[in-house]
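A short write-up of the structure that comes next.
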Amino acid sequence: MAEAKTAIVTGGSRGIGREVALRLAALGYDIAIVYVGDENEAADTIRACEEKGVKARAYVCDVSSFEETKDAVARIRKDFEGNIEVLVNNAGITRDGLIAFMKEQDWDSVLGVNLKGAFNMIRHTAALFIRNKCGRIVNISSVSGLMGNAGQANYSASKAGIVGLTKSTARELAPKGITCNAVAPGFIRTDMTKNITEDNSELLRTIPLGRMGDVSDVAAAVIFLITSPYITGEVIRVDGGIAM
């Protein structure tokens, strides 16, 4: 019997992370989701993955914490017998506000989860990837990190940082056969954008394709990168053409 493959998805209990986890489960990957928040949503995602015939578990973890992520990765390695092949850094938050009035805590929390969280997870899985000479890392950035967005200095900075982190990680790990790429979504229907509606004609005018994206659009790009062994250091926009 073929050795099981394991994928870690942060922010995997809902939205983009849930869709990515389900698609990976459909490909035969055992799933470890890392999350904070609604336990019922996490349990529902785990059940949905298990229905596809794979092993799945959920781990409560604040990804901005170096020690919590270290412990979570150690538990995942133990539970899944050390075989981790994929890491998807999807966990993210927003604390929007004009920079002239932004609270230091709002800056720190967004950079902590969105950027440091990705670093923490890469830091604690890299040694295993290097030892196995195999690994696929996909980080979720944003078009806000490519072109900026008023009222989102913290979020845009964190997502721009993801691009730099992705490219540096790709260069460092490429000699070991490990790839690291990023996906930069635009306006995607998730809880994070629930206050944005497609009735907003001003918003739609900014999107050449004329509609908001779905989590399935983003997940498709993530799976493409995971299954593409000769692509690394790339950032794929999934934004309907906003940042072209």
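Computed values, structure above
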| item | result |
| --- | --- |
| Residues being within 26 Å of Ser65 (Cβ to Cβ) and either among the β-branched types (Val, Ile, Thr) or assigned to a loop (DSSP other than H, G, I, E, B) (or both) - total across the range 1-41 | 16 |
| Filtered residue count, the range 145-161, keeping only those that are crowded, with 24+ Cβ neighbours inside 10 Å and under 14 Å from Asp239 (Cα atoms) | 1 |
| Some residue of the range 73-86 being surrounded by 18 or more Cβ atoms within 10 Å (Cβ to Cβ), touching a residue at least 60 places away in the same chain (Cβ under 8 Å) and assigned to a strand (DSSP E or B) | yes |
| Residue selected from the range 11-32 under the condition within 18 Å of Cys61 (Cβ to Cβ) and touching a Cys at 6+ places or on another chain (Cβ under 8 Å), by the criterion surrounded by the fewest Cβ atoms within 10 Å (Cβ to Cβ) | Ile31 |
| Conditions (1) surrounded by 15 or more Cβ atoms within 10 Å (Cβ to Cβ); (2) closer than 23 Å to Ala174 by Cα; number of the one not met by Lys133 | (1) |
| Qualifying residue in the range 69-85 (condition: under 19 Å from the mean Cα position of the chain (by Cα), among the polar types (S, T, N, Q), more than 11 Å from His124 (Cα to Cα) and at pLDDT 95 or above) | no |
| Cβ-Cβ under 7 Å pairs, at least 6 apart or on other chains, the range 168-188 side hydroxyl-bearing (Ser, Thr, Tyr), far side part of a helix (DSSP H, G or I) and surrounded by 14 or more Cβ atoms within 10 Å (Cβ to Cβ) | Thr169/Ile122; Thr179/Ala170 |
| Residue count for the range 105-157, restricted to those that are small (Gly, Ala, Ser), part of a helix (DSSP H, G or I) and free of Cβ contacts under 8 Å to residues at least 40 places away in the same chain | 4 |
| Residues that are farther than 13 Å from Val143 by Cβ, in a loop (DSSP other than H, G, I, E, B) and out of contact with any helix residue (DSSP H, G or I) (no Cβ under 6 Å at 6 or more places or on another chain), drawn from the range 210-226 | Arg211, Asp214 |
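Residue by residue, here is whether (1) loosely packed, with under 15 Cβ neighbours inside 10 Å; (2) on the phi < 0 side of the Ramachandran plot; (3) touching a strand residue (DSSP E or B) at 6+ places or on another chain (Cβ under 7 Å) holds:
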{"residue": "Asn89", "(1), (2), (3)": "no, yes, yes"}
{"residue": "Lys103", "(1), (2), (3)": "yes, yes, no"}
{"residue": "Val110", "(1), (2), (3)": "no, yes, no"}
{"residue": "Val113", "(1), (2), (3)": "no, yes, no"}
{"residue": "Gly177", "(1), (2), (3)": "yes, no, no"}
{"residue": "Cys180", "(1), (2), (3)": "no, yes, yes"}
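The values are calculated or read from the model by the stated rules, or taken from the named source; none is laboratory data. The model shown is predicted, which means the values in this text are computed figures rather than measured ones. Don't worry about glycine lacking a Cβ; one is built from the backbone with ideal geometry, like all the others, and counts go over all protein chains shown.
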